[in-house]
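A.B. asks: Next up is a structure, given as structure tokens.
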Amino acid sequence: MSMPELRRNLWLEFTPHRLIVTPVVLAALFYLAYLSGGILSVQSMSFYVFIFFTYLWGIRSASEALCDEINQKTWDWQRMSLQGPISIGLGKLLGSTSYTWFGGSIAFFMYFWTSASIGDPSLGLKSLTLILGALFGQTLALLLS
């Protein structure tokens, strides 16, 4: 299945500067958290960074994906193209939030790693809840926009 909407959004979201600066800034943030309070501080910092990227920024990006197309007067052209509704919908959902998932995945990796090193018994359930909650919120935001 060809998804030109997804490719277009990935092209717009992932610039070389974003791909370099995001991991560097997050690594510095986690290192400062480690210096200030140890591994528990890194765990809580990575949790909140994941919430920021996927819940706050991701939901905002998903809700603005369709509104931007309507404001730029390109929605009618896309709707009348040969793309199917599933291709357009998935392209908008996954493409517009791809950068937020990039930053969120770095934070999630740190959260998972620090929680596993601490020995959190409910790590699997917490992780699943975080990811599915973010996906649900972004999908609902796109649907309601």
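The values are calculated or read from the model by the stated rules, or taken from the named source; none is laboratory data. Keep in mind that what you see is a predicted model, and the values were worked out from it rather than measured. Note: ideal-geometry Cβ built from the backbone for every residue, glycine included; neighbour counts use all protein chains shown. In case anyone asks, the SASA skips ligands and DNA or RNA and just uses the protein heavy atoms, side chains included. Shrake-Rupley method; radii C 1.70, N 1.55, O 1.52, S 1.80 Å.
A.B. asks: Quick check on Leu128: is it over 12 Å from the mean Cα position of the chain (by Cα), without any contact (Cβ under 8 Å) to a residue 40 or more places away in the chain, more than 23 Å from Leu40 (Cα to Cα) and surrounded by fewer than 16 Cβ atoms within 10 Å (Cβ to Cβ)?
C.D. replies: Considered against the rule, which asks whether it is over 12 Å from the mean Cα position of the chain (by Cα), without any contact (Cβ under 8 Å) to a residue 40 or more places away in the chain, more than 23 Å from Leu40 (Cα to Cα) and surrounded by fewer than 16 Cβ atoms within 10 Å (Cβ to Cβ), Leu128 comes out as no.
A.B. asks: Kindly indicate whether any position in segment 86-103 is among the aromatic types (Phe, Trp, Tyr) and without any contact (Cβ under 8 Å) to a residue 12 or more places away in the chain.
C.D. replies: No: segment 86-103 contains no residue that is among the aromatic types (Phe, Trp, Tyr) and without any contact (Cβ under 8 Å) to a residue 12 or more places away in the chain.
A.B. asks: Can you list residue pairs whose Cβ atoms sit under 6 Å apart, with the first residue in segment 58-73 being open to solvent by 30 Å² or more (accessible area, probe 1.4 Å) and the second being in a helix (DSSP H, G or I)? Count only pairs 6 or more apart in sequence or on different chains.
C.D. replies: Qualifying pairs under 6 Å: Ile59/Gly137; Ile59/Gln138; Ile59/Ala141; Ser63/Ala141.
A.B. asks: Ok, one more. Within segment 74-92, count every residue that is surrounded by 11 or more Cβ atoms within 10 Å (Cβ to Cβ) and either modelled with pLDDT of 75 or more or not in a helix (DSSP H, G or I) (or both).
C.D. replies: 10
A.B. asks: Quick check on my filter: what residues within segment 99-114 are more than 13 Å from the chain's Cα centre (by Cα) and open to solvent by less than 50 Å² (accessible area, probe 1.4 Å)?
C.D. replies: Within segment 99-114, Met110, Tyr111, Thr114 qualify.
A.B. asks: Please pick out the residue among Ser117, Ser96, Ser122 that is of a type in the set (S, T, N, Q) and surrounded by 15 or more Cβ atoms within 10 Å (Cβ to Cβ).
C.D. replies: Answer to the check: Ser96.
A.B. asks: Hey, among the residues in segment 12-50 that are over 22 Å from Gly119 (Cα atoms) and open to solvent by less than 30 Å² (accessible area, probe 1.4 Å), which one's farthest from the chain's Cα centre (by Cα)?
C.D. replies: Per the stated criteria, the residue is Leu26.
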